[in-house]
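*Asks:* This is the structure, below, for whatever I ask next.
The values are calculated or read from the model by the stated rules, or taken from the named source; none is laboratory data. These numbers were taken from a predicted model, which means no experiment stands behind them. Heads up, the Cβs are rebuilt from the backbone with ideal geometry, glycines too, and the neighbour counts pull from every protein chain shown.
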């Protein structure tokens with residue numbers, strides 16, 4: 001009966017039913033959170049993993065027809081997303097350690113200041129390419145240091161919307177910096 005209910009809910013989700021989506025979310029998000037937390041060892045990151053997965057499920061809801069078990073599908077997505085997150089974090093840490101190994105001079109020479117201004121200009125152009133709401137969320141999170149909840153309350157939007165906007169804008173900015181300035185995290189870590 002439980003599987004049949006999942007099957008019906010998945011069919012409803014693929015037809016755009018938000019209530020069915022909410023029921024699946026309520027049914028599985030806690031288990032998914034604990035699985036993610038087991039691997040990433042960070043509650044906030046585990047929560048982000050679960051939110052990212054449900055955003056992807058909703059975005060690809062029309063393609064859920066092939067899913068025979070939503071529970072297995074979601075847990076596989078958790079595993080894959082966690083592995084990708086850990087891989088990405090490892091790459092970021094390697095990038096940061098490579099910069100440290102180069103032993104950049106600590107003095108503030110004119111050349112360094114000019115280079116920093118160039119990188120900052122690239123970052124500002126990247127932020128300028130974000131849509132209005134994504135830019136607003138990104139700047140409140142990075143420049144103002146607000147939490148997801150504080151941003152949600154300030155902008156009068158749902159916390160999940162804040163997380164989605166921040167995740168997508170952060171991903172865009174990292175790619176933008178990589179493609180336009182040859183840097184990945186130097187400035188991003190600074191913000």
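*Asks:* Return only the number of the condition from (1) in contact (Cβ under 8 Å) with a residue 12 or more places away in the chain; (2) in a helix (DSSP H, G or I) that residue 16 does not satisfy.
*Replies:* Going through (1) in contact (Cβ under 8 Å) with a residue 12 or more places away in the chain; (2) in a helix (DSSP H, G or I) one by one, residue 16 breaks only (2).
*Asks:* Taking the conditions exactly as written (crowded, with 16+ Cβ neighbours inside 10 Å, in the same structural domain as residue 127 (by TED's automatic domain parsing) and within 13 Å of the chain's Cα centre (by Cα)), does residue 164 satisfy them or not?
*Replies:* It is true that residue 164 is crowded, with 16+ Cβ neighbours inside 10 Å, in the same structural domain as residue 127 (by TED's automatic domain parsing) and within 13 Å of the chain's Cα centre (by Cα).
*Asks:* Now, a different point. Which number in (1) modelled with pLDDT of 90 or more; (2) surrounded by 11 or more Cβ atoms within 10 Å (Cβ to Cβ); (3) over 17 Å from residue 164 (Cα atoms) marks the one condition that residue 69 misses?
*Replies:* (1)
*Asks:* Report yes if residue 56 is free of Cβ contacts under 8 Å to residues at least 24 places away in the same chain, surrounded by fewer than 19 Cβ atoms within 10 Å (Cβ to Cβ) and outside any loop (DSSP other than H, G, I, E, B), otherwise no.
*Replies:* Spelling it out, residue 56 is indeed free of Cβ contacts under 8 Å to residues at least 24 places away in the same chain, surrounded by fewer than 19 Cβ atoms within 10 Å (Cβ to Cβ) and outside any loop (DSSP other than H, G, I, E, B).
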